[in-house]
1. Considering only the range 31-44, I want to know if a residue exists there that is closer than 19 Å to ILE89 by Cβ, modelled with pLDDT of 75 or more, over 13 Å from the mean Cα position of the chain (by Cα) and not in a loop (DSSP other than H, G, I, E, B).
2. Among the residues of the range 66-86, what is the count of those that are open to solvent by 40 Å² or more (accessible area, probe 1.4 Å), among the aliphatic types (A, V, I, L, M) and at pLDDT below 70?
Amino acid sequence: RMAWYHAAIRGIPLALNTLGIEIMEDIMLKDYNDDRIPEKMKKMKLFAAKCIGLAAHQGHPEALGAADMLLEAEGRRLAECEESKVTQIIRECLQCSENLEG
């Protein structure tokens, strides 16, 4: 994972997307929903959202699917609650990438 991180901080879209996906998988597959560590989970989600969003903004072909996955997971978690910061970041990044394409 360190190699992905070092490549991601250099702005490489594949690394950004892969690192974001790995972090989201960690959150979804492990028990990070424990009430004792909500701040850590929130920070991990925000970092993953930013990574995936930046990859999507740079036109990485798999990033849009990863962003959809992230939005779906966050949407299920929130159900009827207000939109989270993670969701806002992903929506903004996707909007930017759509503007570049159109």
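1. Here is the first cut: in the range 31-44, the ones closer than 19 Å to ILE89 by Cβ are 32, 38-44.
Narrowing the set further to residues that are modelled with pLDDT of 75 or more leaves 39-44.
Next cut, over 13 Å from the mean Cα position of the chain (by Cα) only: 39-40.
In the following step, the residues that additionally are not in a loop (DSSP other than H, G, I, E, B) were identified as 39-40.
Checked the range 31-44: at least one residue is closer than 19 Å to ILE89 by Cβ, modelled with pLDDT of 75 or more, over 13 Å from the mean Cα position of the chain (by Cα) and not in a loop (DSSP other than H, G, I, E, B).
2. Number of matching residues: 1.
The values are calculated or read from the model by the stated rules, or taken from the named source; none is laboratory data. Please read these numbers as outputs of a predicted model, since none were measured by experiment. Backbone-built Cβ (ideal geometry, glycine too); neighbour counts: all protein chains shown. What goes into the accessible areas is simple: the full protein's heavy atoms, side chains included, and nothing from ligands, DNA or RNA. Shrake-Rupley method; radii C 1.70, N 1.55, O 1.52, S 1.80 Å.
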